[in-house]
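The values are calculated or read from the model by the stated rules, or taken from the named source; none is laboratory data. The structure displayed is predicted, hence computed values, not measured ones. So basically every Cβ, Gly included, is an ideal-geometry build from the backbone, and we count neighbours across all protein chains shown. Each accessible area value is taken on the protein alone, full model and side chains, heavy atoms only, with ligands, DNA and RNA left out. Shrake-Rupley method; radii C 1.70, N 1.55, O 1.52, S 1.80 Å.
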Amino acid sequence: MVTLTFGTCCGGIFTEVIDEGMGFDYYRYGNLPSSDASTGEGIFIMQSLADKMTYSDGGRHIRLEFVVEGIDPAEALERITVLQQHFAQVAA
């Protein structure tokens, strides 16, 4: 069973995903996508878009926070650039 929770916090919004499964070794993915585009890409995209991403309970609980008030334009452009570069490499 998977539980999704949404709400407001910290001048923005959050979502939490809580899974009753076995969890996963999130340390293995780091902050960059794997050279195998099918491994860890979703985690990479979430890390690139969220202002804060935390794991707990052995990877069964993930919380993403997104600042909405006072979005920093420079940070938004940096996120866009990171994702554009990633998808350009995947397409190549």
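Between Ile45 and Phe24, the simple spin-label model (points 7 angstrom out along Cα→Cβ) gives 1.3 nm. Per-residue ellipticity at 222 nm, computed for the chain from helices alone with -39500 (n - 2.57) per DSSP H run of at least four residues, works out to -10000 deg cm²/dmol. For Met53, neighbours were defined as the other residues whose beta-carbon sits under 14 Å from its Cβ, and their charges (Lys and Arg +1, Asp and Glu -1) total 0. The portion of the accessible surface of the chain made up by carbon and sulfur, rounded to a whole percent, is 59 (1.4 Å probe; DNA, RNA and ligands excluded). In the chain, the sites counted are GluC sites (Glu not before Pro) in DSSP loop states with at most 11 other Cβ atoms within 10 Å, and the longest stretch holding none of them, exclusive of the sites, is 21-68. Normalised per residue, the accessible area of the chain is 68 Å², obtained with a 1.4 Å probe and no contribution from ligands, DNA or RNA. Ellipsoid fit via the Cα gyration tensor, the chain: semi-axes of 23, 21, 9 Å, each the root of five times an eigenvalue, largest first. Taking the chain as a Gaussian network of alpha-carbon nodes connected by springs under 10 Å, the highest mean-square fluctuation of the residues Leu77, Leu49, Leu64 belongs to Leu77.
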